[in-house]
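Colleague: Okay, here's the structure, questions in a sec.
The values are calculated or read from the model by the stated rules, or taken from the named source; none is laboratory data. Computed from a predicted model, the values in this text were never measured in an experiment. Cβ sites come from the backbone with ideal geometry, for glycine too, and all protein chains shown count toward neighbours. We work out accessible area using only protein heavy atoms, side chains counted, and drop any ligands, DNA or RNA first. Shrake-Rupley method; radii C 1.70, N 1.55, O 1.52, S 1.80 Å.
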Amino acid sequence: MAKDEPLYLRPRVEPPLASLLGEARFLHSLVDALGSPLNVLLPEVVAENAARFLSVYRRHRLSGRVYFAHKANRSSALVRRLAACDPVAVGVDVASLGELRHALGCGFTGDRVMATGPKDPQFLWLAARVGATVNVDSAGELRQLVELVRGHGLSRTRVLARLSGFESDAGYGGVGTRVLSRGSRFGTPVAEAEALWSALEEHADAVELVGLAYHLDTTGLEEKARALERCVLLMDECRARGLTPGAVDIGGGFGVGYVAEAAEWERWTTALSEAVLGARPPLTWRGHGYGLRAEGGTVRGTAALYPAHRTVAGPGYLDELLSRPAPALGRPPATLLLEHLNNLYIEPGRALVDQCGVSLARVLEVRRTSDAPDRYLVRLGMNAGDVSLEEHVVLVDPVLLPRDGAPGEPYGDGTGGNRPVGVHLVGNLCLEADLITRRLVYLPRLPSAGDVLAFANTAGYAMDFHAHRAQRQPVARTVAVTREAGAWRWCPDEDYWPLIHPEKGPF
Ligand SMILES: *Cc1c(COP(=O)(O)O)cnc(C)c1O
């Protein structure tokens, strides 16, 4: 491959996101009216994603609920759209007092809410007050909850016990292997669960154990399968002591495929190694190696990248996790759950908002870099906090939406023009480090000021999680878009409600 061939990482876009990105004029008019950066959400897609997860449940004859991990996106439209889904099948996982209040205001009743994460007394009180399920992090948190319930005369609160530190020991995994799962600062280590069971028995007047939970921040199927079967066995232990848990909550982390083509991902990651070795020009700002380094002519370290091309992700990942024989008992987790009469809870964040949104930025300036010929700086009306793909090391190209839908004008002295070009995307902060990505991004042609770059699939964590008001730069507005009778309509995120439109049929 020629060394100057463009190394694309083109995004995976499916309908309806794909057809939205085809509406350059509409998207330009939104940025003209509402400013750059701008977040655009497709609330209908989040409901479709929930349905896809639930169809995996059906395929395995499992009951339970899909809880949206709210922390992935602050949007009202997405949470309201999910509130309108089947109340038995779809809930919300909130990790702060603010998210709990928001979920309730969006139409979720308390019994559809799961409270996870670190909790202050106000969060615990409101969760218990509205009848949410509390995903209890530690024995200390359980005590705090029990005191609140008793002290305020609240009704018995449903709790899940969040566990961590799963490992296979001699009595469990056989053959003397000890496979520790990754450490977590959340959850009660399985080794200390005994004290938790005792506390649950002692405080049975105030709290009811309805299940066991974990959330492992990994893509590793084996590690997750191990934790899942361990929970099934621990459920039986709990029942033997007279506790009555009914559900296993396996958390989130089902993942999203961001890059469409496996070959592009392979090519880029291979080229990164070559660039780190000096065998080709840098692919990144100032030779950043994403964790790789050259040592005596070989590449060392591991690339700390999100696996942006995925062969299985989201509902497909859940299907695979449930289907493949689990490590210790050698049976599929779905079978174990069924036989032990356990419901399945999941808490997808990123995967539930797959294909649900796009972040738009206006191109403000295009100029040559001083250090390499034929490379350009493209300054955007956004900063790294507004589209924090880099923060999560998700590497994927934006889509160029020319101002007039016209092919590009040659840039400046005519060396740009209608051919692929490598650019560095820089942000609107007066800060050397404000790069939208440290990766050299190839675009099909050089953009011009006034064009828009669309970052696809940013609804999970990339849109508003890291947005800030540094330098009083504008924080992105967020709009919800819906398609009615072939035409795209939009409204501010906070004005979206999942109503049947009075004249025009369902949203
Ligand atoms: C963040 C989080 C999730 C969601 O994780 P994703 O990777 O976005 O699916 C689910 N459960 C808990 C407890 C979390 O902290």
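Colleague: With L344, L352, L321 as the choices, which residue is open to solvent by less than 10 Å² (accessible area, probe 1.4 Å), under 17 Å from the mean Cα position of the chain (by Cα) and within 16 Å of the ligand (Cβ to nearest atom)?
Modeller: The conditions single out L352.
Colleague: Here's another thing I want to ask about it. Identify the single condition in (1) open to solvent by 30 Å² or more (accessible area, probe 1.4 Å); (2) out of contact with any helix residue (DSSP H, G or I) (no Cβ under 6 Å at 6 or more places or on another chain) that L42 does not satisfy, given that it satisfies every other one.
Modeller: If we test L42 against (1) open to solvent by 30 Å² or more (accessible area, probe 1.4 Å); (2) out of contact with any helix residue (DSSP H, G or I) (no Cβ under 6 Å at 6 or more places or on another chain), just (1) comes out false.
Colleague: Within segment 402-420, which residues are at pLDDT 90 or above, touching a Ser or Thr at 6+ places or on another chain (Cβ under 9 Å) and either within 20 Å of P6 (Cβ to Cβ) or not assigned by TED's automatic domain parsing to the domain that holds R367 (or both)?
Modeller: Residues of segment 402-420 at pLDDT 90 or above: 402-403, 419-420.
Still in the list and also touching a Ser or Thr at 6+ places or on another chain (Cβ under 9 Å): 402-403.
Within segment 402-420, just P402 meets the criteria.
Colleague: Of the conditions (1) within 16 Å of the ligand (Cβ to nearest atom); (2) out of contact with any helix residue (DSSP H, G or I) (no Cβ under 7 Å at 6 or more places or on another chain); (3) within 22 Å of L20 (Cα to Cα), G460 satisfies every one except a single condition; which number is it?
Modeller: The failed condition is (2).
Colleague: Does segment 215-224 include one or more residues that are under 28 Å from L54 (Cα atoms) and among the small types (G, A, S)?
Modeller: Yes.
Colleague: Of the residues A18, A77, which is open to solvent by less than 10 Å² (accessible area, probe 1.4 Å) and at pLDDT 95 or above?
Modeller: Result of the check over A18, A77: A77.
Colleague: Inspect all residues belonging to segment 46-60 and state whether any of them is surrounded by fewer than 19 Cβ atoms within 10 Å (Cβ to Cβ), among the basic types (K, R) and away from the ligand (no atom under 16 Å from the Cβ).
Modeller: Yes, that holds for at least one residue.
Colleague: Which residue pairs have Cβ atoms under 9 Å apart, sit 6 or more places apart or on different chains, and have a first residue in segment 344-365 that is touching a residue at least 40 places away in the same chain (Cβ under 8 Å) and a second that is of a type in the set (V, I, T) and within 7 Å of the ligand (Cβ to nearest atom)?
Modeller: E347/T116
Colleague: When only residues in segment 100-117 that are β-branched (V, I, T) and buried (at least 23 other Cβ atoms within 10 Å of the Cβ) count, which is nearest to the ligand (Cβ to nearest atom)? Can you show your working first?
Modeller: So in segment 100-117, the residues β-branched (V, I, T) come out as 109, 113, 116.
Narrowing further to those that are buried (at least 23 other Cβ atoms within 10 Å of the Cβ): 113, 116.
On the way: V113: 13, T116: 4 Å.
The residue in question is T116.
Colleague: For the condition touching a residue at least 24 places away in the same chain (Cβ under 8 Å) and over 20 Å from P420 (Cα atoms), what is the one hit in L377, L277, L329?
Modeller: L329
Colleague: Okay, next question. How many residues does segment 365-384 hold that are buried (at least 17 other Cβ atoms within 10 Å of the Cβ) and not hydroxyl-bearing (S, T, Y)?
Modeller: 8
Colleague: So which of L329, L336 ends up being open to solvent by 20 Å² or more (accessible area, probe 1.4 Å) and under 12 Å from L228 (Cα atoms)?
Modeller: L329
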